[in-house]
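Visitor: Quick one: this structure, given as structure tokens, is what I'll be asking you about.
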Amino acid sequence: MKKKILIAVSTILILIIIGSLIFIINYKKPENVLSRYFSLINEGKYSELETFVSLPENYSQEDFLKRNTNIYTGIDAENITIEIKNVEKEKNSAKVTYVNKLKIKNQVVEFENIANFTKENLDYKIDWSSNLIFPELNDEYKVRVRAVPAKRGEIYDRNGLLLAYHGKISNVGIVPGKLSDNKEKDIEKLSELLNISVETINKELASSWVKENSFVPIKNISYDETELKEKLLEIPGIMIDSENDRVYPYKEATAHVTGYISSITADELESRKDKGYSSTSVLGKAGAERAYEERLKGKDGIGVYVEDEKGNIVKKVIETKAQDGENIKLTIDATMQVKLYDALKEEQGFFVVMNPKTGEILALVSTPSYDPNKFILGLTNDEWTEMSTGDGRPMYSKFLGTWCPGSTMKPLTGAIGLTTETLSADDEFKYSGLSWKRDNWTDHEITTLTAYGAKKNLRNALIYSDNIYFAQATLQIGEEKFTDGLDKLMFNQDIGFVFSTSKSQYSNTDKIVSEAKIADSGYGQGQVLVNPIHMASIYSAFENEGNMIKPYLEYEENKEIEYLVENAFSKEAANEIKEGLIQVVENPAGTGHDVKVSGVTIAGKTGTAELKATKDAEGDTLGWFNCFTTDQEVEESLLIISMAKNKPTVFLKAIIRNLISSY
């Protein structure tokens, strides 16, 4: 028995030894050595390569490592594989013919090459030379990479006016040898004009490459800053050069439409590494620049060449032409956009202007705003802080958020009641005075601003903006019908606009939590929040017999009408509310009467939303005015959603009256 066990163990050991020898022999075959060598390059393990090679006498291990690392990383080589075609062996040498395939700058390159080996004991070592990288690459030659940047597509308004384009900027710099004898005074004056520190300027001048006649770039400024440039050129040693870059000619006025571009971050590059981006790429970070990034960016061209000592091209490894980005034309009317921005720029608010019959967005204004050119010219830390977190949050596009709508909610409540037949236009509610509450409410009451002797019906409640009427109407409609009606209008849903908008809501949870909150919701308080672009679509239903138009931003000739929600309201309900909103403007007692324009029929609704924790607390107010022109030709139709923080609605109505009068 012991003898059998001994024989079995011996057999196993012999098999293990034989297997190990076979593995070692196969592992040390020249073709396997070559495969392992390129596998390490593909993994970026350049420091491990030297164990597989025999270097020329004049080549150090440091030179070998540097040569391979610089070339393969410089050309962004990846997915490196080889296919063995032929192996020729002699006593102490071998020659392997193979096809090398790799991806360079997202382009696949394939070529045949030969690797020579010398056998040292049982090991095959690659007789390394630069030809192993590319067949035409001698040790004295270099690999050059030349990028051919694609021109980013331009952004136009509906009338062909440029909103973002490849234009000129000015580069302010110093020639040190031409500064005056009072160098410190010159630099102090430059610091003051450019709003950068003296320390920053001196740091640039102290760079190791700087000589007396060098042009030392200090800061980029807008090409059109003529007065500033004249003052700068009065300083001895100052030179101003020009270069091409992204330009936003309307600056703050269109910033929230165009957005801006900025250098790609490491995380952004990681997620886009297969889409033609590199560490030097820029990326659309907001607005149209972000929404249409894939179409605007184009595709960079690339040239990878083997060059001799004199710079002559020996081999074109890759050469592709740049493909410029696509131009994008928006539905925005730049003239209208600028006019509305100028009127609102000192306040916190927004304008959304849309053609209610087509869905074309004509203006998207958010204030305060920011200058997107600063991302090209260079931002200081203080400027970034002010833009991103300063008063009014200049970089926040307010038309993408949600806001308490106040009385601009009332037309929605009325239309839902009429559509569900839980409310009729003739229903009257009985109450008197400026406040009301149900008997079972101990700590809540509804107040309204205006007492009137007319019937407490839907038409008059719109004209006088009666909170009590709409509170009672909502309770009569009932929570289920009311919230179902809002769900039908796409509350709590993404409306599919090209910019990501916040979802409108009627509660912070999945339902309205109390009877009092239901009453408050009917006149736009409670926990109701509405997105302005969504609100524009809802109001369009009053002009489109109950159908909500789909808002869109990219201009398209003869585009077919597309609705976001068909039959959001019944035709009869939509027309009844429309007539009531016309009377809000036409009736001398209407809250919107002061927006009336001769020769134009306007339907409108004012709103004042109170932002406070309790009834008696101090808080901000949001002044709203929403309106649309009626019975206009399609091209002339306007629907305007507007809000200004802590401003009376008369402020907005004056701006809108001026806009409609001149449109």
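Visitor: Restricted to region 173-200, and to residues that are of a type in the set (Gly, Ala, Ser) and touching a helix residue (DSSP H, G or I) at 6+ places or on another chain (Cβ under 8 Å), which residue is farthest from Gly378 (Cα to Cα)?
Guide: Ser180
Visitor: Return yes or no: is Val99 within 30 Å of Phe375 (Cβ to Cβ), surrounded by fewer than 16 Cβ atoms within 10 Å (Cβ to Cβ) and in contact with an Asp or Glu (Cβ under 7 Å, 6 or more places away or on another chain)?
Guide: It is false that Val99 is within 30 Å of Phe375 (Cβ to Cβ), surrounded by fewer than 16 Cβ atoms within 10 Å (Cβ to Cβ) and in contact with an Asp or Glu (Cβ under 7 Å, 6 or more places away or on another chain).
Visitor: Looking at region 474-496, can you tell me whether even one residue there is among the small types (Gly, Ala, Ser), within 43 Å of the chain's Cα centre (by Cα), under 30 Å from Lys596 (Cα atoms) and surrounded by 14 or more Cβ atoms within 10 Å (Cβ to Cβ)?
Guide: Within region 474-496, not a single residue is among the small types (Gly, Ala, Ser), within 43 Å of the chain's Cα centre (by Cα), under 30 Å from Lys596 (Cα atoms) and surrounded by 14 or more Cβ atoms within 10 Å (Cβ to Cβ).
Visitor: Where in region 241-310 are there helices (runs of 4 or more DSSP H), lying wholly inside it, with at least 1 residues that are surrounded by fewer than 17 Cβ atoms within 10 Å (Cβ to Cβ) and under 15 Å from the mean Cα position of the chain (by Cα)?
Guide: 266-271, 293-296
Visitor: Let me ask something additional. Can you find even one residue in region 84-93 that is polar (S, T, N, Q) and in contact (Cβ under 8 Å) with a residue 40 or more places away in the chain? I'd like the intermediate steps shown before the answer.
Guide: Taking region 84-93 as the starting set, the residues that turn out to be polar (S, T, N, Q) are 86, 92-93.
After this cut, where a residue has to be in contact (Cβ under 8 Å) with a residue 40 or more places away in the chain as well, the list is none.
No, every residue in region 84-93 fails to be polar (S, T, N, Q) and in contact (Cβ under 8 Å) with a residue 40 or more places away in the chain.
Visitor: Which condition does Glu78 not pass, out of (1) at pLDDT below 95; (2) more than 46 Å from the chain's Cα centre (by Cα), if it passes all the others?
Guide: If we test Glu78 against (1) at pLDDT below 95; (2) more than 46 Å from the chain's Cα centre (by Cα), just (2) comes out false.
Visitor: Test Glu234 against the stated conditions and say whether it is in a loop (DSSP other than H, G, I, E, B) and more than 28 Å from the chain's Cα centre (by Cα).
Guide: Details: in a loop (DSSP other than H, G, I, E, B): yes; more than 28 Å from the chain's Cα centre (by Cα): yes.
The answer is yes for Glu234.
Visitor: Further question: How about region 237-290: which of its residues are in contact with a Leu (Cβ under 8 Å, 6 or more places away or on another chain) and among the aliphatic types (A, V, I, L, M)?
Guide: Passing the criteria: Ile238, Ile240, Val257, Ile261, Ile264, Ala288.
Visitor: Which pairs have Cβ atoms under 7 Å, sit 6 or more apart or on different chains, and link a residue in region 209-221 that is over 17 Å from Asp241 (Cα atoms) to one that is surrounded by 15 or more Cβ atoms within 10 Å (Cβ to Cβ)?
Guide: As it stands, the answer is Val210/Pro176; Val210/Val216; Glu212/Pro176, since those pairs meet every condition given.
Visitor: Related question: How many of the residues in region 68-83 are farther than 20 Å from Arg146 by Cβ and either buried (at least 16 other Cβ atoms within 10 Å of the Cβ) or touching a Leu at 6+ places or on another chain (Cβ under 7 Å) (or both)?
Guide: 4
Visitor: Based on this model, can you work out whether Ile187 counts as part of a helix (DSSP H, G or I) and either surrounded by 16 or more Cβ atoms within 10 Å (Cβ to Cβ) or not assigned by TED's automatic domain parsing to the domain that holds Ser54 (or both)?
Guide: Yes.
Visitor: Being free of Cβ contacts under 8 Å to residues at least 60 places away in the same chain, in the same structural domain as Tyr305 (by TED's automatic domain parsing) and part of a loop (DSSP other than H, G, I, E, B) is the requirement here; does Asp181 meet it?
Guide: yes
The values are calculated or read from the model by the stated rules, or taken from the named source; none is laboratory data. Since the model is a prediction, treat every value here as computed from it, not as a measurement. Neighbour counts are summed over all protein chains in view; Cβ atoms, including those assigned to glycine, are modelled from backbone coordinates with ideal geometry.
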